[in-house]
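Values quoted throughout were computed directly from the atomic coordinates according to the rules given, and no laboratory measurement underlies them. Everything numeric in this text was worked out from a predicted model, so none of it was measured. When we count neighbours, we look across all protein chains shown, and the Cβ atoms used for this are built from the backbone with ideal geometry, even at glycine.
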Amino acid sequence: MEIPYTAQPRPDTGLYNAKIGIWLFLASEVMLFGAFFSSYILLRVGAEIKDWPIQLLNVPIGTFNTAVLIISSVTVVMAWASLKMKQFSRFKVYQAITVLCALTFLGIKSVEYNDKFSHYEVWMTDGTRMTGHLEGKPKFLTLPKVQEKGMESIHFIPDPYHYSDSHEVKAEAKKHAKGHHDAVTIPVSDIKRLSAFTPAHSTYFAIYFTMTALHGLHVLGGALVMAYFFGPGSRMWHTDPTRFTNRIEVSGLFWHFVDLVWIFLFPVLYLL
């Protein structure tokens, strides 16, 4: 039994089965990410401005990753267009570039994640706050762990931007911005809280990791599908080129959605 409209479009809708399926799937994805964006807006509007972290993400890295995904949006269209023009070899080139862009995005994001795990904020007992790195850049350190180790003080390298009103810390931060790496010695008894930029740090980072990790899983899934069509899945081109071209179009629609989500995530999380 042959399933109708697997390659040719239905006369009433002008769509083949897979295209209808991907649009229904993307509709559910819009609701999923829409719920997260709505939650973010409500939480931010209801938060105190002084408690909402700002300028703690690497904007140049985020901008570069945005450019990577925009390039991949172009190459995924070029891959589909190459098949429409019966140019299979050019399809392979553009498909490879798209997969490479996806892996580049994930690689950069993993580096960014790794930095967050060794980037800290210190809440002082006098109410001041500062951000920076501990000497040696240990990961996932907290105040209870510091106290368990019997440490009497920590050596902290402040960022050029932080929340502290301490003149000493501001002076050290300026040195750090100019290439100096002098650490400030902070007694453990003066620390109220110590946290890396992990989900436990604040509501902001909980949302940041949830939304970017979910988006990253979509990037990974899209990369695996496109890599399959580049490799063993490309054999269909020689037996059923129309259906194979449709599959590339469907995977491209998913990829455009993934790129569009990042276009919203980047300004919301990095710039606002």
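Side notes on the structure shown:
- Contact order relative to length of the chain, as percent, for alpha carbon pairs under 8 angstrom and 6 or more apart: 22
- Rounded to the nearest 10 degrees, the angle from helix 17-45 to the longest Cα principal axis of the chain is 20 degrees.
- Phi to ³J(HN,Hα) by Karplus 6.51 cos²θ - 1.76 cosθ + 1.60 over the range 67-80, Hz, x for Gly, Pro: 4, 4, 5, 5, 4, 5, 5, 6, 5, 5, 5, 5, 5, 5
- The tail of the calculated P(r) for the range 1-139, taken as Cα-Cα distances beyond 17 Å, holds 78 percent of the pairs.
- Principal-axis analysis of the Cα atoms of the chain puts helix 167-177 at an angle of about 40° to the longest axis.
- Mean projection area, nm², convex hull over Cα of the chain: 18.9
- Simple rule: put +1 on each Lys or Arg Cβ and -1 on each Asp or Glu Cβ in the chain, find the dipole, and look at Leu100, His133, Leu43; the Cα lying farthest toward the positive end is Leu100.
- The 3J(HN,Hα) values that the Karplus relation (6.51, -1.76, 1.60; θ = phi - 60°) gives for the range 91-108 are, in residue order, 4, 4, 5, 5, 5, 5, 5, 4, 5, 4, 5, 4, 5, 5, 4, 5, x, 5 Hz. Gly and Pro appear as x.
- Angle in degrees between helix 203-230 and the longest Cα principal axis of the chain, rounded to the nearest 10: 30
- Its Cα centre serving as origin, the chain has a Cβ charge dipole (Lys and Arg +1, Asp and Glu -1) of approximately 900 debye.
- Taken one residue at a time, the phi angles of the range 246-255 give Karplus couplings (6.51, -1.76, 1.60, θ = phi - 60°) of 5, 5, 5, 5, 5, 5, x, 4, 4, 5 Hz. Gly and Pro are set to x.
- Using the Cβ-Cβ distance between Ile108 and Thr239 with R0 = 35 Å, the FRET efficiency computed as 1/(1 + (r/R0)^6) comes to roughly 0.40.
- Computed label-point distance, nm, for sites Leu24 and Arg10 using a 7 Å Cα→Cβ extension: 0.9
- Under a Gaussian network description of the chain, with springs only between Cα atoms under 10 Å, the residue in Ala196, Ala206, Ala102 that fluctuates furthest is Ala206.
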